[in-house]
Amino acid sequence: MNMLEVNDLSISFIQYSNGLRQKNIRVISDLNVAIKTGEVLAAVGASGSGKSLLAHAILGILPNNSRMTGTIKYNGEVLTPERQADLRGKEIALVPQSVNYLDPLMQVGAQVRNGSKNKEAVIAQREVFSRYNLASHVERLFPFQLSGGMARRVLVSTAIVSGARLVIADEPTPGLDAVAVKETLDFFRELANQGCAVMVITHDIETALKIADRIAVFYAGTTVEIASAEDFAGQGDELRHPYSKALWQALPQNRFEPIDGFQPSSNELHGGCLFAPRCSIATSRCASVLPAAREVRQGMVRCIYAS
Ligand SMILES: Nc1ncnc2c1ncn2[C@@H]1O[C@H](COP(=O)(O)OP(=O)(O)OP(=O)(O)O)[C@@H](O)[C@H]1O
Ligand code: NI
């Protein structure tokens, strides 16, 4: 069963230009993704492709000047803002991308326990800290006293101590050394094995492949492909979308060929397939129709030529 289901999610920001003229800038378009109990799904894509906004939409923490359409379901139930507030930090936890999400005025131990002073919470927090090599005095420190790597371990600890069922980790590994990276990824796998659903957001396919069952490839605010991790192999022949193939082939151990051009920015999105201007197999048809999401070989793809 799907623990999380995101259907036709679109997000835009209202911007004021030339005085009072209002402009809607669309940053996520018709995005679909789902995660099952026991599964780790990686969301992979370049900077600005909409990964963090998806995380914030699920948690219900989008900025005030944004508008969202589409539905997000948790265990089959549509999430309303009230329900999101109830579940946030309890059943649904975020490991945020930036350490700025830590409260600068609160000792980190208390933050990880969500303010709780009860005995079990303190024990759980201390166990996780020792597991992450955070010395016993660290719980009394304030965020500004932590190194970058320590702060990231504190953020991961917060999600773990919360006992959440759905964990969304936004770039959890930068600033960690190789051992801590492995430990963190292993821990997410363990959470999934215990029946949680985990989404790991990363711009790095190699990190994603170390942990994910399935990979959702983001481009310019939508998912262009959702494939099983095994499909990222060899020449990438099992992949369905030209962008996923190009990403895969750009890795040093593969052809090491960069993709020409740039991801369009949100104020220059045109009709048609957003990847078409950079795609080697694009035709005039691609410029006119936005490809619908369809199922191909047990994966999802948005390309009219995928087979
Ligand atoms: N508050 C905001 N107002 C206007 N535009 C925004 C706002 N927040 C994000 N955006 C735009 O939305 C798009 C997606 O941003 P998002 O942070 O989700 O990208 P990302 O995939 O997480 O990138 P990164 O890998 O750099 O973290 C970007 O083009 C960004 O500029
Ligand atoms: Ni991000």
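Where both partners of a DSSP beta bridge lie in the chain, what percent of those bridges are antiparallel, to the nearest 5? Show your work: numbers first, answer last.
Working: 33 of 52 bridges.
Percent antiparallel among DSSP bridges in the chain is about 65.
Over segment 104-157, what is the relative contact order in percent, taking alpha-carbon pairs closer than 8 angstrom and at least six residues apart? Let's see the in-between values first.
Values: 46 pairs, mean separation 26.6, N = 54.
49 percent.
Quick check on packing: order 76-85, 18-27, 91-100 by the mean number of other C-beta atoms within 10 Å, highest mean leading.
Details: 76-85: 12.6, 18-27: 10.2, 91-100: 19.2.
By packing density, highest mean first, the sequence is 91-100, 76-85, 18-27.
Multiplying the sequence separation of LEU290 and ASP177 by 0.36 nm and subtracting their Cα-Cα distance, what value in nm do you get?
Working: separation 113, 0.36 × 113 = 40.68 nm, distance 4.14 nm.
Stretched out fully, the LEU290 to ASP177 stretch lengthens by 36.5 nm.
Under the Kirkwood approximation applied to all pairs of distinct alpha-carbon atoms, what is the hydrodynamic radius of segment 151-307 in Å?
Numbers: mean 1/r = 0.0582 Å⁻¹.
Value: 17.2 Å, from the Cα pair sum.
If each of ASN64 and SER116 carries a label point 7 Å out from its Cα toward its Cβ, how far apart are those two points in nm?
It works out to 3.2 nm between the two label points.
Roughly how many nanometres apart are two label points built 7 Å out from the Cα toward the Cβ at SER17 and SER228?
Spacing of the two 7 Å Cα→Cβ label points: 4.6 nm.
Can you count the Lys pairs in the chain whose Cα atoms are under 28 Å apart, with each pair 8 or more apart or on different chains?
Pairs that pass both the separation and distance tests number 21.
What per residue convex hull volume, in Å³, comes out for the chain when only alpha-carbon positions are used? Show your work: numbers first, answer last.
On the way: hull volume 46.4 nm³, N = 307.
Once divided by residue count, the hull of the chain is 151 Å³.
Can you give me the P(r) profile for segment 104-157? Cα pairs, bins 5 angstrom wide beginning at 0, each as a whole percent.
Per 5 Å bin, starting at zero, the Cα-Cα P(r) for segment 104-157 comes out as 4, 23, 38, 25, 9, 1 percent.
Return the tail of the calculated pair distribution for segment 73-197, meaning the percent of Cα-Cα pairs more than 19 Å apart.
Numbers: 3638 of 7750 pairs.
Of the Cα pairs, 47 percent sit more than 19 Å apart.
With only alpha-carbon pairs counted, each pair once and no self-pairs, how large is the Kirkwood hydrodynamic radius of segment 77-127 in angstroms? Mind showing how you got there, number by number?
Values: mean 1/r = 0.0788 Å⁻¹.
One over the average 1/r among Cα pairs gives 12.7 Å for segment 77-127.
For the chain, what is the relative contact order in percent, using Cα pairs closer than 8 Å and at least 6 residues apart in sequence?
Values: 578 pairs, mean separation 64.0, N = 307.
Computed over the chain, the figure is 21 percent.
Over 14 Å, how big is the tail of the calculated P(r) for segment 175-217, in percent of all Cα pairs? Working shown, then result.
On the way: 429 of 903 pairs.
Considering segment 175-217, 48 percent of its Cα-Cα pairs are separated by more than 14 Å.
When each pair of different Cα atoms in segment 1-154 is counted once in the 1/r mean, what is the Kirkwood radius in angstroms, to one decimal?
Numbers: mean 1/r = 0.0558 Å⁻¹.
One over the average 1/r among Cα pairs gives 17.9 Å for segment 1-154.
Rule-based calculations on the coordinates, nothing more; no lab input. Please read all numbers here as calculations on a predicted model, not as lab measurements. Cβ coordinates were reconstructed from backbone atoms using ideal geometry, including for glycine residues, and neighbour counts include every protein chain displayed.
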